[in-house]
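Take a look at the structure set out below.
The values are calculated or read from the model by the stated rules, or taken from the named source; none is laboratory data. Predicted model only: the values in this text are computed from it and were never measured. With ideal geometry, Cβ positions are generated from the backbone for all residues, glycine too; neighbour counts draw on all protein chains shown. With ligands, DNA and RNA removed, areas are computed over all heavy atoms of the protein, side chains included. Shrake-Rupley method; radii C 1.70, N 1.55, O 1.52, S 1.80 Å.
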Amino acid sequence: MPEKLNDPRSVVRKFLARPQHEGVGAIVRRSIGRFELRYFDPFLVLDEFSVTAPAGFPDHPHRGFETVTYMLQGSVTHEDFEGHKGTIGAGDLQWMTAGRGIVHSEMPAPQGTQKGLQLWVNLSSKHKMIEPRYQELSSKDIAETTKDGIKVRVIAGEALGIKSPIYTRTPTMYLDFTMEPESHLRQPIPKSWNAFVYVLEGEGIFGRSKSSSVNAHHLLLLGAGDGLEAWNKSSKLLRFILVGGEPLGEPVVQFGPFVMNTQEEIDQTIDDFENYTNGFEKARHWRSEFGLSLDF
């Protein structure tokens, strides 16, 4: 951890992510991608989801971005039209590059409530039509360390001297911090990047030591600077994610699960999906065991 930051970032906006319905019977707390904050370049959506079977996210398409699923509790089973399938358990990560097109399902384990985070990371125009791919890390393989009362799990990027093996086409950092009472964090962030904090549990002080404390389910947009300072002045653990990314600076046109640069590209994507062409060929005959959802 650096001795000090020359220009710590302050909190410029704060939102409480309120529960809303998504998918089929699932509940999400959406903080990015809602009407007050449609886009925070390069991030399209951040959902904290809570889902109990038989609710879930049955067959649905994506094009033009990446979905990052990080499980906090329980597990979710996923499968797609390429034959890729598996289960993401507590602490596991799936970094899916939808690229030119994927149709997949994400459904909860049979018992209990499954909780996690899903982040949508936009792709630049030159990467929107690449072939789909997955990067997956089980919980035991995620880089993790503890120092001075602070534990970090490095989903993407680098912190406290350790790095994630995840490759990010859009340069991105994604850090899961747990801070003991009375601990103090200084985490560098590249100056040109946009960055935010999402609080998972406890309460903390971010940006300036005299700021008011912030509790769970709040999204904090950070202003300009070279890093984040955070304090846990409470008697309980504080857990939050810090996410940053290099802005793409390109136009964004979104229609549900399709994110492109122009309306013409969106029209073409809808045509491709409806006619099973240009990346969606396998959607014609594929159905997951959960069936098709057309709620986008």
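Values as computed for the structure displayed
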{"quantity": "Flag for ASP226 being acidic (Asp, Glu) and open to solvent by 50 Å² or more (accessible area, probe 1.4 Å)", "calculated": "no"}
{"quantity": "Filtered residue count, the stretch 161-183, keeping only those that are part of a strand (DSSP E or B) and surrounded by fewer than 21 Cβ atoms within 10 Å (Cβ to Cβ)", "calculated": "3"}
{"quantity": "Qualifying residue in the stretch 42-56 (condition: among the aromatic types (Phe, Trp, Tyr), under 30 Å from GLY223 (Cβ atoms) and surrounded by fewer than 19 Cβ atoms within 10 Å (Cβ to Cβ))", "calculated": "no"}
{"quantity": "Any hit, the stretch 140-147, residues being in a helix (DSSP H, G or I) and open to solvent by 20 Å² or more (accessible area, probe 1.4 Å)", "calculated": "yes"}
{"quantity": "Enumeration of residues in the stretch 62-83 that are modelled with pLDDT of 95 or more, surrounded by 20 or more Cβ atoms within 10 Å (Cβ to Cβ) and in a strand (DSSP E or B)", "calculated": "HIS62, ARG63, PHE65, GLU66, THR67, VAL68, THR69, TYR70, MET71"}
{"quantity": "Elements of type strands (runs of 3 or more DSSP E) contained in the stretch 230-285, each with 1 or more residues being open to solvent by 80 Å² or more (accessible area, probe 1.4 Å) and under 24 Å from PHE57 (Cβ atoms)", "calculated": "253-255"}
{"quantity": "Yes/no for LEU5 being assigned to a loop (DSSP other than H, G, I, E, B) and either buried (at least 16 other Cβ atoms within 10 Å of the Cβ) or among the basic types (Lys, Arg) (or both)", "calculated": "yes"}
{"quantity": "Selection count where residues are touching a helix residue (DSSP H, G or I) at 6+ places or on another chain (Cβ under 9 Å) and over 27 Å from LYS236 (Cβ atoms), scope the stretch 153-188", "calculated": "1"}
{"quantity": "The one condition in (1) modelled with pLDDT under 95; (2) within 21 Å of ARG100 (Cα to Cα); (3) among the hydroxyl-bearing types (Ser, Thr, Tyr) that THR262 fails to fulfil", "calculated": "(1)"}
{"quantity": "Candidate set from the stretch 22-56 (those that are assigned to a strand (DSSP E or B) and more than 21 Å from LEU200 (Cβ to Cβ)); member that is modelled with the lowest pLDDT", "calculated": "VAL24"}
{"quantity": "Which listed residue, of GLY86, GLY116, GLY99, is touching a strand residue (DSSP E or B) at 6+ places or on another chain (Cβ under 9 Å), part of a loop (DSSP other than H, G, I, E, B) and of a type in the set (Gly, Ala, Ser)", "calculated": "GLY99"}
{"quantity": "Residue among LEU175, LEU221, LEU200 that is farther than 25 Å from SER138 by Cα, touching a strand residue (DSSP E or B) at 6+ places or on another chain (Cβ under 7 Å) and at pLDDT 95 or above", "calculated": "LEU221"}
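Here is a yes/no grid of residues against (1) open to solvent by 30 Å² or more (accessible area, probe 1.4 Å); (2) closer than 16 Å to LEU46 by Cβ; (3) in a loop (DSSP other than H, G, I, E, B):
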site	(1), (2), (3)
LEU185	no, no, no
VAL199	no, yes, no
SER211	yes, no, yes
LEU221	no, yes, no
